[in-house]
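Working notes, beginning with the structure itself.
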Amino acid sequence: MKRCYFVVVTALAFGVASPATAQFVYLDADEDGVCSTGDYLDATSTHLDVYIDTNRTAEGFVTECLTDEAIPIDLSSYSFILQKVEYGYGPITFGAWADSLGYSVGITDSGARMENDTELWIGLTGGPVLPAGKHKLGRLSVTIAGPVRVMILPSSSLSPRAATSFGTSCPGLDSDHTMQLGVDFLDVCGVGASPDGTGVTNTTWGRIKAAYR
């Protein structure tokens, strides 16, 4: 019941109906390929891995394309927005992005990357169409002076085009062959500032992370 409650709250916060399909985008800080209480950032952290599961929910339930179950929810591009929240211990710097999928064509307003003091938008395509399932998009290097948290956002002030989403053969709810966070799916998991998730659970997105522990 707890998991369902937080998903409904988020859907209402966006002002949209609860999506009938589901995907899962998340961050991994301890290299185990999942989002868990082991994923937190401190001064010893050097990187974050970004994952997406194109046809499963955070709980592992398999989902299918709403338009036609025979159409795969594959992966042909990706775009994600990260927001950093610092706690007075010193800044976090987002470093180089290393793509893991062979994608090389940038799709943000300025190539593969846009950023300001608090947000980072990465977007790439131009590689193989990958089958439905879990994929490690790549690794972001980070330099951290103290505990911070990083959240995945559905949109950004960087650009009206900025979104956390991925390209797919499935048309999606907007018939644009794009699955977008906050429109087509809600399951997301960021990283906290300590092993108990301090600094994450007091936000809507963080509550979803806590619910999936």
_Filter result for Leu120 (within 25 Å of Asp30 (Cβ to Cβ) and either of a type in the set (Gly, Ala, Ser) or buried (at least 18 other Cβ atoms within 10 Å of the Cβ) (or both))_ = yes
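Tell me yes or no: at least one residue of segment 117-124 is without any contact (Cβ under 8 Å) to a residue 40 or more places away in the chain and acidic (Asp, Glu).
Taking segment 117-124 as the starting set, the residues that turn out to be without any contact (Cβ under 8 Å) to a residue 40 or more places away in the chain are 117-120.
Going one step further and asking which of them are acidic (Asp, Glu), we end up with 117, 119.
Yes; the residues of segment 117-124 include at least one that is without any contact (Cβ under 8 Å) to a residue 40 or more places away in the chain and acidic (Asp, Glu).
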*Is it the case that segment 18-41 has a residue that's within 17 Å of Pro131 (Cα to Cα), modelled with pLDDT of 85 or more and part of a strand (DSSP E or B)?*
yes
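Counting only residues that are under 16 Å from the mean Cα position of the chain (by Cα) and of a type in the set (Gly, Ala, Ser), give me the strands (runs of 3 or more DSSP E) lying completely in segment 110-183 with at least 1 of them. Spell out the reasoning first.
Values: elements: 113-115, 119-125, 134-144, 148-153, 159-163, 165-167, 178-180.
Those strands (runs of 3 or more DSSP E) span 119-125, 134-144, 159-163, 165-167.
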*Could you identify the single residue in Ala145, Ala70, Ala163 that is touching a residue at least 12 places away in the same chain (Cβ under 8 Å) and surrounded by fewer than 19 Cβ atoms within 10 Å (Cβ to Cβ)?*
Ala145
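The values are calculated or read from the model by the stated rules, or taken from the named source; none is laboratory data. What you are looking at is a predicted structure, and each value in this text was computed from that prediction instead of being measured. Don't worry about glycine lacking a Cβ; one is built from the backbone with ideal geometry, like all the others, and counts go over all protein chains shown.
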